[in-house]
Amino acid sequence: MRLGKVSETVMNRSILKQLSSGREERAVPLSVYEACAGIKKETSEDIVFSDVSLYGGEEQLGIFAIAQAVNQILAKGARPCGVSISIMMPPGTEETFLQALIRHISQCSSQWGIPVLCIRAEVSPAVNHTMIGATAVGAAERDKLMLNYDKPAGRDIVLTKWIGMEGTLRILRKEWESLSERFVAVFLQGIEGWQDLLIARKEVEIARECGVKVIRQVTGGGIFAALWDLAAETGSGLEVRLNHMPIRQETVELCEHFRINPYQLTSSGCMLMLAKDGGRLAGILKGSGINAAVLGRITDGRDKVIYRGEEKRFLDRPAPDELLRLYDQRRSDR
């Protein structure tokens, strides 16, 4: 199988088909596109979970795993209660690296108000890179859990912040030495501040107040994969414009340097939203200090169309995230 998440076909054929029996306890149904799980309680609140697994070599890896997991919980309409962390490291890993991992996890836990409920770490010959799993848990009032799509055709697609944020940060931290030979320090140091943008709590709260019921985080496979999944999940088509997708110049520069596609680069903290009036929602978000843009709209058909000027093309099925391809290339170079 290819790098990254298993394909929609494999997920349906080899996984969901064997787990298709319904359970009344499930608050969130099993789905190819679903990033959360949920358990119904006898009270008015349900418990919601989200699992994220990342691998890499940067000391800040745990921050990205926590951000992705917590944002999935937020997008479902739940209130994050905490996160459980598991760490698996390759043989030869120094204890100082583990200490640095935990220091960054502790700092972001305090900054974001997300307590670490459980944590374990081990060294295993089964891995070549450090792997971190983050399981976020949250609580949601049953009538506020966002599960229904309410006929989304005609709704505007709004994107918050900038595409490729998370991937740019991770590339910076993995390739700092080589990048410092190409770019001036002030340019690279400016990217470091993007870590504060990884949690999407504020924009999700604003969107819900504006009546938004569909929110999707842009993670593995980047904005192209997120758009594909959004359309497939809602059983709709879409029309978007490439030049409406906000991207920072720093992301463009780093992607050109490594010859990777920023539209297929993970971006935790960057959220897709469906709104009846996307211009109004984007305006409210911008007024609250959150960058936002209307990319296009959901359509009645099944075609997933991207316009670049007058050029029309159809969105391809999700490809592996460019960050995984970069890791794989580095492994091949050794």
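Rule-based calculations on the coordinates, nothing more; no lab input. Predicted, not measured: the structure shown is a model, and the values here were computed from it. For neighbour counting, all protein chains shown are included, and Cβ atoms are generated from backbone atoms with ideal geometry for every residue, glycine included.
Key figures for this structure:
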quantity	calculated
Nearest-0.05 FRET efficiency for residue 233 and residue 210, computed from C-beta distance (R0 22 Å)	0.60
Rounded to whole Å, sorted largest first: equivalent-ellipsoid semi-axes of the range 156-333, Cα gyration tensor	28, 20, 13
Per-pair calculated FRET efficiency, R0 = 35 Å: residue 141 and residue 329 via Cβ, rounded to 0.05	0.15
Ordering of 164-174, 300-310 by burial proxy (mean other Cβ atoms within 10 Å per residue, highest first)	164-174, 300-310
Ordering of 213-219, 177-183, 69-75 by burial proxy (mean other Cβ atoms within 10 Å per residue, highest first)	69-75, 213-219, 177-183
Paramagnetic label zone (point 7 Å from Cα along Cα-to-C-beta, residue 81; backbone N under 18 Å) in the range 88-113	113
Estimated vicinal HN-Hα couplings, Hz - the range 292-303 in sequence order (Karplus 6.51, -1.76, 1.60; Gly, Pro = x)	7, 8, 8, 8, x, 8, 7, 10, 6, x, 10, 5
Vicinal HN-Hα couplings computed from phi for the range 87-100 (Karplus, 6.51 cos²θ - 1.76 cosθ + 1.60; Hz; Gly/Pro x)	10, 10, 10, x, x, x, 5, 7, 4, 4, 5, 4, 4, 5
Global form of the range 219-318, assessed from the alpha-carbon gyration tensor, a/c cut-off 1.5	oblate
Rule-of-thumb Rg ratio for the chain [Cα; 2.2 N^0.38 Å; N residues]	0.97
Net charge, residue 290 excluded, C-beta distance under 10 Å - Lys, Arg +1, Asp, Glu -1	+2
Order by protection proxy (mean Cβ within 10 Å, highest first), peptides 152-162, 220-230, 198-208	220-230, 152-162, 198-208
Mean Cα-pair separation over length for the chain, i.e. relative contact order, pairs under 8 Å, 6 or more apart, %	21 percent
Nitroxide proxy distance, nm - points 7 Å out along Cα→Cβ at residue 103 and residue 123	2.0 nm
Computed E for residue 310/residue 261 - FRET, C-beta separation, R0 30 angstrom, nearest 0.05	0.85
